């Protein structure tokens with residue numbers, strides 16, 4: 001299975017925020033959408049960073065309530081790992097585990113085309129295991 005297959009199941013909607021917007025705005029958007037990360041946009045397409053719940057916690061620990069009025073550009077993660085639609089789920093799992101990241105923007109031919117979270121990968125894997133389980137039960141029952 002590849003990223004394009006995951007996106008076909010979950011959709012290609014990507015929550016974005018401008019690097020000029022405040023951390024408070026970002027937190028409201030995360031809460032409204034029930035998500036853990038936003039792609040941060042700016043002058044360099046397709047993205048300039050990612051702002052996640054983890055970034056918010058670190059910013060609050062470092063700057064206190066002042067962090068809420070700082071911009072996403074000030075506090076976002078800029079060392080962003082991306083994948084493309086041809087990346088395999090096995091590769092995603094390895095990248096996410098090794099790099100301890102929870103969200104990978106999907107960039108294909110320079111265009112932002114989706115976002116894959118660790119939850120998407122886990123759901124795929126659970127569905128795959130359920131399918132395998134049903135096939136084994138059917139096989140054993142047919143004897």
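The values are calculated or read from the model by the stated rules, or taken from the named source; none is laboratory data. Computed from a predicted model, the values in this text were never measured in an experiment. Neighbour counts run over all protein chains shown; Cβ positions are idealised from the backbone, glycine included.
Suppose we keep only residues that are in contact (Cβ under 8 Å) with a residue 12 or more places away in the chain and over 17 Å from the mean Cα position of the chain (by Cα) within segment 26-51. Which one would you say is farthest from residue 68 (Cα to Cα)? This residue is 45. Scanning segment 111-143 for residues that are touching a strand residue (DSSP E or B) at 6+ places or on another chain (Cβ under 9 Å) and either free of Cβ contacts under 8 Å to residues at least 60 places away in the same chain or loosely packed, with under 10 Cβ neighbours inside 10 Å (or both) turns up just one, 118. Only residues that are surrounded by fewer than 18 Cβ atoms within 10 Å (Cβ to Cβ), in contact with a strand residue (DSSP E or B) (Cβ under 8 Å, 6 or more places away or on another chain) and in a loop (DSSP other than H, G, I, E, B) were counted in segment 86-102, giving 2. The single condition among (1) at pLDDT 95 or above; (2) surrounded by fewer than 16 Cβ atoms within 10 Å (Cβ to Cβ) that residue 49 does not meet is (2).
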